[in-house]
Amino acid sequence: MNSVTIVGVGLIGGSFALALRKAGFEGRITGVSSKPAADAAIAGGVIDEALPLDEAAAKSDLIYLAQPIERILQTIDVIDAYVQSSALITDAGSTKHGIVARAASAIRKARFVGGHPMAGKESRGVEHADADLFRGRPYVLTSREPMLETWIERIGARLVILSPEEHDRLVAVTSHLPQLLSTALASVIGSEPDAAQVAGPAALDLTRLAFSPYEIWRDIFATNAEPIDAALGAFIAKLEELRAVLRSPQMEREFEKASAAAKALRD
């Protein structure tokens, strides 16, 4: 692999570029992004140059789509006309079924592998890009691709292979549901005018995700609605179970089961 194009040079795309550099990639990295983002990325040494999509894709071995989901879908619709037949295209979108299905119908010349690094920050933009953002974090691919797998391991991420459908079902529980819980909790706390006077670390920790901008989540909800609805249903059912045993000794058992699950998650 000698040349890489990052389409969408923000936090994730910029971090992937920096991670490749740190892992030993010595080729050229081109950015396709807005002028302000591209200028900041060049100034920060994240990319070597900025070009339009057609010019960048035509000379790249790897094309990394790090845009919002709807923009990724739009790029997939047109990119096959520009790429080399030997090129590999991957993405960093937060849902996978719709993206992989679109790629299967629109991309004929190049190879496509769906991807999702389970990493991020509250702050957006290439200015916050971090070469170690993916280190120790799961990185999902929807099919095997030896070259890409090698680089994912070199940047320190933990490779996970999942079908697009299984990915979307699992992240609905582990990522999308927590966002909605944080949003709901912040709203409930915010409806109590005096709550801030007694809000401690628990309230602050659990409402951190409520800072996430809706424009990121709009496409996630649109492309993963059924698994998210199922996850919400399961959570609401569990809340009703807890409500029913609130004054019962059975609540101790619920705490024990939850503690064991939390420990397993961290292990």
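Throughout, read-outs are computed from the coordinates displayed, never taken from laboratory work. All figures in this text were calculated on a predicted structure; none of them were measured in a lab. Note that we place each Cβ from the backbone using ideal geometry, even for glycine, and neighbour counts take in every protein chain shown.
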Could you state the angle between the C-alpha long axis of helix 69-79 and the longest principal axis of the C-alpha atoms of the chain, as a value from 0 to 90 degrees rounded to the nearest 10? 20
Compute the length gained on full extension between Arg218 and Ala237: take 0.36 nm times their separation in residues and subtract their Cα-Cα distance, giving the result in nm to one decimal. 4.3 nm
Can you give the FRET efficiency for Arg154 and Arg71, using 1/(1 + (r/R0)^6), R0 = 25 Å, r = Cβ-Cβ distance, to the nearest 0.05? 0.35
Beta bridge orientation in the chain: antiparallel %, DSSP, nearest 5: 10
I'd like the FRET efficiency for Ala23 and Ala58, computed as 1/(1 + (r/R0)^6) with the beta carbon distance as r and R0 of 30 Å, rounded to 0.05. 0.75
Which of the pairs Lys59/Lys121; Lys121/Lys238; Lys96/Lys257; Lys238/Lys263; Lys22/Lys121; Lys35/Lys109 have their Cα atoms more than 27 Å apart in this structure? Lys59/Lys121; Lys121/Lys238; Lys96/Lys257; Lys35/Lys109
Taking the Cβ-Cβ separation of Ala195 and Arg253 as r and a Förster radius of 35 Å, what is the calculated FRET efficiency to the nearest 0.05? 0.70
Only loop residues by DSSP count here, and only those with at most 15 other Cβ atoms within 10 Å; note down the trypsin sites (Lys or Arg not before Pro) in region 142-199 that meet that. Arg144
Which angle from 0 to 90°, rounded to the nearest 10, does the C-alpha axis of helix 250-266 make with the longest principal axis of the chain? 20
In Å³ per residue, the alpha-carbon convex hull of region 129-173 encloses 78
Can you compute the helix-only [θ] at 222 nm over the chain? Use -39500 (n - 2.57) per DSSP H run of at least 4 residues, normalise by all residues, nearest 500 deg cm²/dmol. -15000 deg cm²/dmol
For region 42-49, in order, what is each residue's ³J(HN,Hα) by Karplus, 6.51 cos²θ - 1.76 cosθ + 1.60 with θ = phi - 60°, in whole Hz (x at glycine and Pro)? 5, 4, x, x, 7, 10, 8, 7
Which GluC sites (Glu not before Pro) does region 33-137 hold that lie in a coil by DSSP with at most 16 other beta carbons within 10 Å? Glu122
Can you give the three extents of the C-alpha atoms in the chain along their principal axes, from longest to shortest, in whole Å? 66, 37, 31
The long-range amide H neighbours of Ala157, using H built 1.01 Å from N in the peptide plane and a cut-off of under 5 Å, are Gly136
What is the sum of charges around Gly115, taking Lys and Arg as +1, Asp and Glu as -1, for the other residues whose C-beta is under 11 Å from the C-beta of Gly115? -2
Quotient of Cα Rg and 2.2 N^0.38 Å for region 3-162, N being how many residues it contains: 0.92
Just to confirm the number: angle between the C-alpha axis of helix 177-190 and the first principal axis of the chain, 0 to 90 degrees, nearest 10? 50
Starting from the Cα of Arg266, step 7 Å along the direction of its Cβ; do the same at Leu185; then give the gap between the two resulting points in nm. 1.6
